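The values are calculated or read from the model by the stated rules, or taken from the named source; none is laboratory data. Everything quoted here is computed from the prediction, not taken from an experiment. All Cβ positions, even for glycine, are placed from backbone atoms using ideal geometry, and neighbour counts span all protein chains on display. Each accessible area value is taken on the protein alone, full model and side chains, heavy atoms only, with ligands, DNA and RNA left out. Shrake-Rupley method; radii C 1.70, N 1.55, O 1.52, S 1.80 Å.
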Amino acid sequence: MTQDLGGRYTVTLDLDGVTGKAGLMDRVARALTLPDWFGRNWDALADSLGDHTVWPEGAVERGLLIVVRGWRPYAEAAPDEWRTAEEVFAEAADRTPALTVFLALGGSS
């Protein structure tokens, strides 16, 4: 799902029902419409988040905002994996000025 928040190209990454890394990678690939060759591992995720050539059309010009929702059950089910995911998101956002990753605390947006 995409929205226009503050002029940025916004993608909602809904992790509702995700309890493991494979599910996370599938949701990321689907939400960001990543290419079939996306490796579904931490390094591939980091590379894809920082690679403008695989971002959704329109995101490069406007900046990309990824809103992660429904992440708490995954964080509770697989805390070590979730810590790694958070690190990957944070490092990618730090390295890529046009990228923001926002962890939604609740609600349906």
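For this structure, a couple of remarks:
- Matching residues, region 63-87, being open to solvent by 50 Å² or more (accessible area, probe 1.4 Å) and either closer than 14 Å to D14 by Cα or of a type in the set (F, W, Y) (or both): R69, R72, P73
- Residue in region 34-53 that is among the small types (G, A, S), over 19 Å from D16 (Cα atoms) and in contact with a strand residue (DSSP E or B) (Cβ under 8 Å, 6 or more places away or on another chain) present: yes
- V60 at pLDDT 95 or above, surrounded by 13 or more Cβ atoms within 10 Å (Cβ to Cβ) and among the β-branched types (V, I, T): no
- Flag if E91 is open to solvent by 20 Å² or more (accessible area, probe 1.4 Å) and touching a residue at least 24 places away in the same chain (Cβ under 8 Å): yes
- Answer residue from region 33-57, given it is open to solvent by 10 Å² or more (accessible area, probe 1.4 Å) and aliphatic (A, V, I, L, M) and is nearest to V101 (Cα to Cα) among those: A46
Yes or no, residue by residue, for (1) of a type in the set (S, T, Y); (2) in contact with a His (Cβ under 8 Å, 6 or more places away or on another chain); (3) assigned to a helix (DSSP H, G or I):
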{"site": "D16", "(1), (2), (3)": "no, no, no"}
{"site": "M25", "(1), (2), (3)": "no, no, yes"}
{"site": "T53", "(1), (2), (3)": "yes, no, yes"}
{"site": "A90", "(1), (2), (3)": "no, no, yes"}
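- Failed item, numbered, when R83 is tested on (1) more than 13 Å from the chain's Cα centre (by Cα); (2) outside any helix (DSSP H, G or I); (3) under 15 Å from V101 (Cα atoms): (2)
- Selection of region 79-92 for residues being among the aliphatic types (A, V, I, L, M) and either more than 15 Å from N41 (Cβ to Cβ) or in contact with an Asp or Glu (Cβ under 8 Å, 6 or more places away or on another chain) (or both) yields only A90.
- Subset of region 1-20 that is charged (D, E, K, R) and open to solvent by 60 Å² or more (accessible area, probe 1.4 Å) - its residue that is modelled with the lowest pLDDT: D4
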